[in-house]
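Report on the following structure.
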Amino acid sequence: MFPTSLRHIASPSVAGNQLTIGVLALQGDVREHELVLDDLGVAHCQVRSPVDLKGIDGLIIPGGESSVIDKLSRIFEVREPLISAIAEGLPVLGTCAGLILLSSTVIGAIEGQQTFGGLDVEVERNAFGGQLESFESSIEMPLIPGGPVNAAFIRAPIIRDVRGCSIIATLPNGEIVGVRSGNCVGIAFHPELVGESRVHAWWLDAVVAGAQR
Ligand code: GLN
């Protein structure tokens, strides 16, 4: 069940800050991320074209279908500006397909599928199987206060090689499902689909901390 309000979980620094977070709105669960940002009291806008990247403090790349988001990013001519913004340090949170789009190497990519980069990791698409193998689980995320994090896995990837990135989330069996490197965070799961706002709140705290430096 999605709780009616998660606002109490937002930290004072996030709630009191004039952040604007972009949500890449080419395909996928854009609305669900917007609802979490609403509940955390954070302004947001949809990113579909290069001009939409101007003035945002951070970007969420939602789950969906990474090959479709990749293709649409080229059609909408937002791919190259997005790659530049990531390289210049724009804070980015990628969830599921968003993680795949941030990864340097993708196992199981369709022919011609490209990514934006940002995380030097190898991910395997659909590593748990198809839609019917979707599941919910508790994830160990030691950086996040309040114990294990609730997460939905829907045709989710697994991170097979973390290379230079730090591991931030693991399944109870030890599989790696979250990494961070510099300004990029990628998670294989969907906290936004199960009423879990702590991952967003933690990431937003990091965005605020980065903006204040
Ligand atoms: N399997 C999808 C892909 O490869 C990701 C699924 C999701 O984002 N829930 O893009």
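Each reported figure results from applying straightforward, stated rules to the coordinates on display, with no laboratory input. The model shown is predicted, which means the values in this text are computed figures rather than measured ones. Virtual Cβ from ideal backbone geometry, glycine too; neighbours counted across all protein chains shown.
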From the residues Phe76, Val121, Ile86, which one has its Cα farthest along the dipole of the stretch 36-130 in the positive direction, the dipole being from +1 and -1 charges on Cβ of Lys/Arg and Asp/Glu about the Cα centre? Phe76
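Taking a quarter of the surface of the Cα convex hull of the stretch 162-213, what do you get in nm²?
Quarter of the Cα hull surface area: 4.2 nm².
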For a protection proxy built on the mean count of beta-carbon atoms within 10 angstrom, sort 192-204, 124-136 highest first, please. 192-204, 124-136
Here the relative contact order (percent) of the stretch 157-213, from C-alpha pairs under 8 Å and at least 6 apart, is 23
Pop a pseudo-label 7 angstrom from the Cα along the beta-carbon direction at both Ile75 and Gln131 and give the gap in nm to one decimal. 2.0
Where both residues lie in the chain, what percent of DSSP beta bridges are antiparallel, nearest 5? 50
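When a/c reaches 1.5 or more, the comparison of a/b and b/c decides; with that in mind, is the stretch 68-128 rounded, prolate or oblate per its Cα gyration tensor? Please list the in-between numbers first.
Details: a/c = 2.00, a/b = 1.29, b/c = 1.56.
Judged from the Cα gyration tensor, the stretch 68-128 comes out oblate (a/c at least 1.5, b/c at or above a/b).
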Between Gln18 and Val194, the FRET efficiency computed from the C-beta separation at R0 = 35 Å comes out, to the nearest 0.05, as 0.75
Given unit charges at Cβ for Lys, Arg (+) and Asp, Glu (-), the dipole magnitude of the chain about its Cα centre in debye, nearest 20, is 280
Looking at Ala169, Cys184, His33, which one has the Cα that reaches farthest to the positive end of the dipole of the chain (charges on Cβ: Lys, Arg +1; Asp, Glu -1)? Cys184
